[in-house]
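Student: Before anything else, here's the structure in question.
FYI, it's all coordinate maths here, none of it is from the lab. Only a predicted model underlies this, so the values are computations on that prediction, with no experimental measurement involved. Virtual Cβ from ideal backbone geometry, glycine too; neighbours counted across all protein chains shown.
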Amino acid sequence: MFGFRPGRRRGTAAVALAAASLMLTLGGCGVDRVTPQDARAEAGTDDKAGAGGSARRVDCAEVKCIALTFDAGPGKDTPRLLDVLKEKQVPATFFLLGKRHVDRYPEVVKRIADEGHEVANHTWSHRILTGIDKAEVREELALTQNAVEKITGRKPTLMRPPQGRTDDTVSEVSKELGLAQVLWSVTAKDYSTTDSALIRQRVIDQSERDGIILLHDIYDGTVPAVPSIIDELKNRGFTFVTVPELLAPGKAEPGAVYAPEAE
């Protein structure tokens, strides 16, 4: 995001992120999007197509599903977040930054994968992909692909472009690297506040079936908000899934852009 420096939680980064939030709905203009419902419908009933070819844990065509995702980590609070997710038995999808995150916390990246969460790509240094040339887009994504593979033994199959900004070039490079693009429907703007109660309420107010929640595990107010977010959404009948599970029996296709329907 504008001026974003991974790992910073206050000051100019928060101000820049707040300004950027005004433009989030513009991300991906001109690029066709696939909703989770469409992905499931296009796949029919072939369970083998879903969630990386494995059997589905839940059927989101029948169950009220929602995906919890975290961007821009791992960070110092990610181990505590993983403890919460383990206690609550909730899977999540982590869109990881390479520089100063994957390379700084390799043991946390390994734990994310080992505990059954989806490990995904959020670029190397959070550059806005629509503002750089094709070779630079490839480098931003490939560096993180390789770093994650070195730690987990597996390259990510999902990526989230910074600010949600994508275009035909980003889609083309993503396809070359085997990456589907994932946007979101719920944002707490947790980069702009340390108020955990406010973060919780923003998520609860926006959550709908087949939604994708965007949070950041690098900001001080976020991880403390997660337990109550999980408890309240469970009370409202939601089942938490990873992004691949949300699409199953569909499978995220490289280069495609996946996003819930806008309200």
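Student: Along the Cα-to-Cβ line of Val58, 7 Å from the Cα, sits a label point; which residues in region 105-122 have backbone N less than 19 Å from it?
Tutor: Only 115-119 fall inside the zone, counting backbone N under 19 Å.
Student: Moving on. Checking the cross-link filter: which aspartates and glutamates have an alpha carbon closer than 13 Å to that of Lys134, excluding same-chain neighbours under 8 positions apart?
Tutor: Asp167, Asp168, Glu172, Glu176
Student: Sticking with this one: Computed FRET efficiency, Cβ-Cβ of Leu198 and Lys76, R0 22 Å: what is it to the nearest 0.05?
Tutor: Rounded to the nearest 0.05, the efficiency is 0.50.
Student: Roughly speaking, what is the stretch gain from Ser228 to Lys134, that is 0.36 nm per residue apart minus the C-alpha to C-alpha distance, in nm to one decimal?
Tutor: 29.7 nm
Student: Cross-link candidates for Lys86: which lysines have Cα within less than 22 Å, leaving aside residues fewer than 8 places away along the same chain?
Tutor: Lys64, Lys76, Lys110, Lys234
Student: Among 241-247, 223-229, what's the highest-first ranking by average C-beta atoms within 10 angstrom per residue?
Tutor: Taking the mean over residues of other Cβ atoms within 10 Å, the ranking is 241-247, 223-229.
Student: To continue, here is another question. At 0.36 nm per residue, minus the direct Cα-Cα distance, what do Arg100 and Glu261 gain on full extension? Give it in nm, one decimal, please.
Tutor: Working it through step by step, the gained length comes to 54.6 nm.
Student: Using the Karplus curve 6.51 cos²θ - 1.76 cosθ + 1.60 with θ = phi - 60°, work out ³J(HN,Hα) for each residue of region 119-134 in order, rounded to whole Hz, and write x for Gly and Pro.
Tutor: Going residue by residue, I get 9, 10, 10, 10, 6, 7, 10, 6, 6, 6, 5, 6, x, 10, 7, 4 Hz, with x marking Gly and Pro.
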